[in-house]
Amino acid sequence: VCGEVLEGIQEVPALGHDFKDGKCTRCDATDPNYNPAPAVKQNGLADSAAADGNWYYYTDGKIDTKHSGVDHNKYGWWRVENGKVNFNAQGIYQNSLGWWKTTNGKVTFKEEGVFQNNFGWWRVKDSKVDFNAQSIYQNKFGWWKTTNGKVTFKENGLFSNQYGTWKVENSKVNFNFNGKYEGKTIKNGKVV
């Protein structure tokens, strides 16, 4: 305004934004590149994948690498091993509600038959081990007599299911047996 020329003045560049958690700490501007991390449960199986693409089980807000079992999130029930969902798990695993058959890490609630884990062969109905099963059920290896849901591989004799009475040897129906057993006529393993 007065026309005086000042010398030695230097232009100071703007500080720029200092973004933290999506906001600038200086001017409160929104960070256009902000991508918030998915919400993590304090306890339990997360409903979304972590930054590395995996699903984790949390205890007190931290990944619990000591936790293994069958846990649920909004997408279903999953096999967790050492705090991380194992999407390749194929077997029977337990939680506080029972023993569950998993396929590709997930409990489908649709599986039925005789399946195995490290503790034996088990009768599964609706993906859950039926510890009350006392009949003959099948899998790809044959028809099996179960007692309290388990194939003992020791049962011998005549046992029944909804399809008839069968000659069982070592807990397996012997479809090749033809003849008499305990006074009964048997053809192809079945009492006629």
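The values are calculated or read from the model by the stated rules, or taken from the named source; none is laboratory data. The shown structure was predicted, so the numbers you read here are calculated from the model rather than taken from an experiment. Positions of Cβ are backbone-derived with ideal geometry, glycine not excepted, and every protein chain shown enters the neighbour counts. Areas reflect the complete protein model, heavy atoms only, side chains present, ligands, DNA and RNA absent. Shrake-Rupley method; radii C 1.70, N 1.55, O 1.52, S 1.80 Å.
Sequence-distant contacts, meaning Cα pairs under 8 Å at least 6 residues apart, place the relative contact order of the stretch 1-122 at 13 percent. Taking amide H positions as placed in the peptide plane 1.01 Å from N, state which residues far from residue 89 in sequence (5 or more) or on other chains have amide H under 5 Å from it. Under 5 Å from the amide H of residue 89: 105.
A simple spin-label model places pseudo-atoms 7 Å from Cα toward Cβ; at residue 170 and residue 132 they are separated by 3.2 nm.
Return the ratio Rg/(2.2 N^0.38 Å) for the stretch 106-146, where Rg is computed over Cα atoms only. Walk me through the intermediate numbers first.
Numbers: Rg = 9.7 Å, N = 41, 2.2 N^0.38 = 9.0 Å.
Relative to the rule-of-thumb radius for its length, the stretch 106-146 sits at 1.07.
Taken as Cα centroids, the stretch 95-137 and the stretch 139-192 sit 21 Å apart, rounded to the nearest whole angstrom.
How large is the charge dipole for the stretch 36-192, taken about the Cα centre, if only the Cβ atoms of Lys, Arg (+1) and Asp, Glu (-1) carry charge, to the nearest 20 debye?
Working: 22 positive and 13 negative charges, 141 e Å.
Using Cβ point charges on Lys, Arg, Asp and Glu, the stretch 36-192 gives about 680 debye.
Considering only 113, 42, 17, the residue lying farthest towards the positive end of the dipole of the chain is 113, judged by Cα position with unit charges set on Cβ.
Counting other Cβ atoms within 10 Å of each Cβ, which trypsin sites (Lys or Arg not before Pro) in the stretch 58-89 have at most 12 and sit in a DSSP loop? Of the trypsin sites (Lys or Arg not before Pro), the ones in loops of the stretch 58-89 whose Cβ has at most 12 other Cβ atoms within 10 Å are 66, 74. Listed values for the stretch 117-129 are Karplus-derived 3J(HN,Hα) couplings in whole Hz (6.51 cos²θ - 1.76 cosθ + 1.60, θ = phi - 60°), namely 9, 5, 9, x, 9, 9, 7, 10, 9, 6, 6, 10, 5, and x replaces Gly and Pro.
The aspartates and glutamates whose alpha-carbon is closer than 19 Å to the alpha-carbon of residue 167, local same-chain residues fewer than 8 away aside, are 155, 182.
In square nanometres, what is the average projected area of the Cα convex hull of the chain? Walk me through the numbers before you get to the answer.
Values: hull surface 73.3 nm².
For the chain, averaging the hull's shadow over all directions gives 18.3 nm².
Here the accessible area of the chain is 49 percent carbon and sulfur, with a 1.4 angstrom probe and all protein chains present.
For the stretch 1-82, what is the Kirkwood estimate of the hydrodynamic radius, computed as the reciprocal of the mean inverse distance between distinct Cα atoms, to one decimal in Å? Provide the component values of the computation, followed by the final result.
Details: mean 1/r = 0.0590 Å⁻¹.
Every distinct Cα pair counted, the radius reaches 16.9 Å.
Roll a 1.4 Å probe over the protein chains and send me the accessible area per residue for the stretch 110-192 in Å². Each step should come with its number before you reach the end.
Values: 4920 Å² over 83 residues.
For the stretch 110-192, the per-residue accessible area is 59 Å².
Between residue 162 and residue 21, the modelled labels are 5.8 nm apart [label points 7 Å from Cα along Cα→Cβ]. A DSSP coil position with no more than 11 other Cβ atoms inside 10 Å describes the following chymotrypsin sites (Phe, Trp or Tyr not before Pro) in the stretch 112-160: 119, 141. Amide H contacts of residue 108: 103, each under 5 Å away and 5 or more positions distant or on a separate chain (H built 1.01 Å from N in the peptide plane; Pro and chain starts excluded).
For the stretch 5-84, the solvent-accessible area with a 1.4 angstrom probe is 74 square angstrom per residue.
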